[in-house]
1. For segment 251-279, what are the residues that are within 16 Å of the ligand (Cβ to nearest atom) and surrounded by fewer than 23 Cβ atoms within 10 Å (Cβ to Cβ)?
2. Here is a list of conditions, (1) modelled with pLDDT of 95 or more; (2) within 16 Å of the ligand (Cβ to nearest atom); (3) over 17 Å from the mean Cα position of the chain (by Cα), and Leu35 meets all of them except one; can you say which number that is?
3. If I filter segment 187-205 for residues that are within 26 Å of Val290 (Cα to Cα), within 16 Å of the ligand (Cβ to nearest atom), part of a loop (DSSP other than H, G, I, E, B) and of a type outside the set (Lys, Arg), do I get at least one hit?
4. With the requirement that a residue be closer than 16 Å to Arg82 by Cα and surrounded by 21 or more Cβ atoms within 10 Å (Cβ to Cβ), what does segment 417-431 give you?
5. Does any residue of segment 397-416 turn out to be in a helix (DSSP H, G or I), among the hydrophobic types (A, V, I, L, M, F, W, C) and closer than 21 Å to Glu83 by Cα?
6. Looking at segment 338-351, can you tell me whether even one residue there is within 16 Å of the ligand (Cβ to nearest atom) and part of a strand (DSSP E or B)?
7. Among the candidates Phe105, Phe95, single out the residue that is in the same structural domain as Ile293 (by TED's automatic domain parsing), of a type in the set (Phe, Trp, Tyr) and within 16 Å of the ligand (Cβ to nearest atom).
Amino acid sequence: MPYDLVIRGAEAILPDIGQVACDIAVADGKIAAILAPDADCAAEARFDARGLVILPGAIDVHLHLGHGKDIARPRVPEDAARETAAAAMGGITCFVPYLMATEPFEDMFDEVCQVTAAGARIDFGYHFIISTEAQLAGVPGYASAHGVPSFKIFMNNRGGEGARLGLPDIDDGFLLRLCEAAAANGGMVCPHPETIELAWITRKRAQAADPNGTGGLATWNASRPPFVEADAVQRAAYIGQVTGAPIYIVHTSSAEALDAALRHRRAGARIVVETCPHYLTHDILTPGDVAKINPPLRAPSDREALWQGLLSGEIDTVGTDHVHRDISSKAGGIWAASPGCPGLETLLPVLLSEGHHKRGLSLSRIAAVSATNPARAMGLGHVKGAIVPGLDADLTLVDLKAEWVMDRADVVSSAGYSIYEGWKFHGRVEHSFVRGRAVLRDRTLQDEAVGTGRYVRRRLQGGQSNVHPD
Ligand SMILES: [Zn+2]
């Protein structure tokens with residue numbers, strides 16, 4: 001039987017081996033074989049990839065897929081078509097958005113999956129944000145029947161703060177019970193770590209010091225400083241360890257939060273640490289209010305501490321925390337602007353340009369933090385995340401030498417802007433394949449890919465993340 005496709009002439013990043021010249025054969029949407037360069041074989045199609053490097057398709061396990069300014073859920077297939085297009089541009093071949101609702105997820109999940117699949121160009125999963133008693137009661141079924149083993153909780157939703165997202169408040173007792181339910185059902189908890197009682201004090205002080213917000217991102221950071229984040233990280237990690245629930249620390253922004261997570265990992269807690277591209281590239285010196293994000297951008301020294309964590313292996317994953325509200329959501333000064341920025345289409349460009357070229361982050365580490373680790377952490381490792389025969393042929397081909405400038409006119413996401421406008425990138429995504437089919441070819445989106453993305457059921461191996469096997 002001939003292969004469906006053979007990608008020839010490139011160098012691929014293989015697990016445990018690194019960069020190797022090889023051909024990759026695809027059959028039935030899966031990687032069928034890793035072949036010697038120019039090996040003699042029968043194939044229906046050949047793809048010349050000379051001069052390029054093949055990475056496992058990036059897997060973004062932190063984003064918000066919504067509709068217009070609503071970040072709860074997609075409403076129409078176009079929402080998914082547009083943001084998965086942005087994902088493909090950034091080398092992402094699978095993503096796992098956070099689904100937010102007040103009703104039980106079993107009442108709406110099939111419809112959300114249908115709407116997403118009808119537009120999706122790439123494969124997708126979903127995490128559930130747990131905020132109500134009915135949702136908490138549903139956790140066993142979400143893990144087993146829906147293939148959703150990862151649950152987010154907004155630790156900062158107290159004292160009426162949940163209303164900002166249309167959610168009820170929770171407390172540490174609720175977090176404890178969610179961790180118990182996750183541990184008992186092969187699940188994982190993804191806390192948004194901020195201790196809001198501390199932030200109420202620091203916010204009041206920052207507002208008194210800078211009522212008009214002229215201090216921009218530095219003022220925003222002062223209103224929710226790193227210890228607010230680090231305190232919640234250590235509390236979640238400890239409750240996770242006591243209950244046996246693996247904890248996935250989302251959007252680590254500061255050296256203090258990273259230290260808190262690592263202290264508990266050393267003490268035996270099962271912890272996966274994620275950071276986001278914007279914490280690696282932007283800081284409180286960034287002018288304007290557009291890069292207002294929660295947690296805030298930090299000091300330049302935090303930025304470098306996060307790079308060190310990526311280089312050393314202490315940080316496991318990079319997720320985008322993509323929010324596609326348009327630029328009008330940023331109006332009104334730092335106190336009024338809405339938090340969150342788009343990041344899908346710049347994920348691999350940031351890692352290649354700022355990580356590989358500027359800081360010597362190896363391509364193997366980039367494959368690990370952008371694909372292999374998120375896949376393993378989030379229960380996708382049995383189907384995706386590495387260039388290994390038997391796994392889905394999700395492949396991203398990059399030109400390491402290409403230099404280009406990000407322009408607002410090039411932005412694909414419905415956000416319509418990027419915090420990287422004007423940035424000169426070194427390294428570019430040329431082609432993306434999902435299950436052996438091109439969704440991006442010569443940097444051109446393939447329209448026939450719309451609606452071919454599939455929902456992927458996830459399961460954590462042995463009920464645990466295996467990023468740090470022991
Ligand atoms: Zn987020």
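1. Listed by number, the list holds a single entry, His251.
2. Only one criterion is unmet by Leu35, namely (2).
3. yes
4. Answer for segment 417-431, where residues must be closer than 16 Å to Arg82 by Cα and surrounded by 21 or more Cβ atoms within 10 Å (Cβ to Cβ): just Ser418.
5. yes
6. yes
7. None of the others qualify; the one that does is Phe95.
This table checks each residue for (1) modelled with pLDDT under 95; (2) of a type outside the set (S, T, N, Q); (3) over 24 Å from Asp392 (Cα atoms).
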site: Thr93; (1), (2), (3): no, no, no
site: Tyr98; (1), (2), (3): no, yes, no
site: Tyr126; (1), (2), (3): no, yes, no
site: Glu133; (1), (2), (3): no, yes, yes
site: Lys152; (1), (2), (3): no, yes, yes
site: Cys179; (1), (2), (3): no, yes, yes
site: Ala183; (1), (2), (3): no, yes, yes
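The values are calculated or read from the model by the stated rules, or taken from the named source; none is laboratory data. This is a predicted model, so every value here is computed, not measured. Please note: Cβ atoms are built from the backbone with ideal geometry, for glycine as well, and neighbour counts cover all protein chains shown.
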